[in-house]
C-alpha cells in the first residue's frame with residue numbers, strides 16, 4: 001500500500017534523485033531543467049506550495065509539488081480557486097504499482113482541504129502513461145491552456161473540475 005503525506009526534509013535528497021531519474025527515463029532533457037527538477041528543497045521552501053511524498057514500506061517512491069497559491073513562482077497560469085500539480089515523478093523501478101495514482105489522489109485531497117475547486121496540470125506529450133492515468137482519473141484536456149515555449153516545447157493542459 002502506498003501512503004502519501006507532506007515530504008520531510010530528510011526525504012528531499014531521495015525525491016530529487018528519483019524525480020530526475022523518472023524524467024530521464026522517458027527521454028533526454030536540457031540540463032537546466034534537470035537542475036530545476038532536482039531542486040526539491042527550493043520547491044518545498046515555497047510558502048505557496050506543498051511537496052507530497054509517496055512511500056511504500058516507508059521508502060520514498062515518488063513525489064509531486066502542489067501549488068496552492070496563484071502568487072507562487074511555481075504557478076503556471078493558475079486562476080483563483082485553482083491548484084496546480086507540478087513535477088509528479090515516480091521512481092522508474094516503482095512505476096505501475098499505484099504510487100502515481102496515490103500522489104494525484106493526495107493532490108486532490110489537499111486541494112479540497114484548501115477550498116480549491118479545480119486542479120490544473122501541464123505535461124509533455126512523451127508522458128503517455130501519466131496522461132492515460134490523468135484521463136482515467138477524470139482530468140479533461142484543455143488545449144486553450146496549453147503552454148508553448150518557442151518551437152521546441154509544447155506542454156499539454158489538463159483540468160480536473162471540480163476536485
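Computed values, structure above
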item: Out of 138, 96, sole residue that is on the phi > 0 side of the Ramachandran plot and loosely packed, with under 14 Cβ neighbours inside 10 Å; result: 96
item: Hits in the stretch 51-67 - residues which are surrounded by 22 or more Cβ atoms within 10 Å (Cβ to Cβ) and in contact (Cβ under 8 Å) with a residue 24 or more places away in the chain; result: 51, 52, 53, 54, 60, 61, 62, 63, 64, 66
item: The listed residue being surrounded by 23 or more Cβ atoms within 10 Å (Cβ to Cβ) and more than 12 Å from the chain's Cα centre (by Cα), out of 111, 120; result: 111
item: Lone unmet requirement of (1) surrounded by fewer than 20 Cβ atoms within 10 Å (Cβ to Cβ); (2) farther than 20 Å from residue 15 by Cα; (3) out of contact with any helix residue (DSSP H, G or I) (no Cβ under 8 Å at 6 or more places or on another chain) for residue 105; result: (2)
item: Any hit, the stretch 76-95, residues being under 15 Å from residue 23 (Cα atoms), in contact with a strand residue (DSSP E or B) (Cβ under 6 Å, 6 or more places away or on another chain), assigned to a loop (DSSP other than H, G, I, E, B) and touching a residue at least 12 places away in the same chain (Cβ under 8 Å); result: yes
item: In the stretch 47-75, the residues that are out of contact with any strand residue (DSSP E or B) (no Cβ under 8 Å at 6 or more places or on another chain) and within 19 Å of residue 13 (Cβ to Cβ); result: 57, 58, 59
item: Residue in the stretch 28-50 that is surrounded by the fewest Cβ atoms within 10 Å (Cβ to Cβ), counting only those that are assigned to a helix (DSSP H, G or I) and in contact (Cβ under 8 Å) with a residue 24 or more places away in the chain; result: 41
item: Among the candidates 25, 54, residue that is more than 13 Å from residue 86 (Cα to Cα) and part of a strand (DSSP E or B); result: 54
item: Subset of the stretch 96-123 [in a strand (DSSP E or B) and touching a residue at least 40 places away in the same chain (Cβ under 8 Å)]; result: 118, 119, 120, 122
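Each reported figure results from applying straightforward, stated rules to the coordinates on display, with no laboratory input. Just so it is clear, the structure is predicted and the values come from calculations on it, not from any experiment. Please note: Cβ atoms are built from the backbone with ideal geometry, for glycine as well, and neighbour counts cover all protein chains shown.
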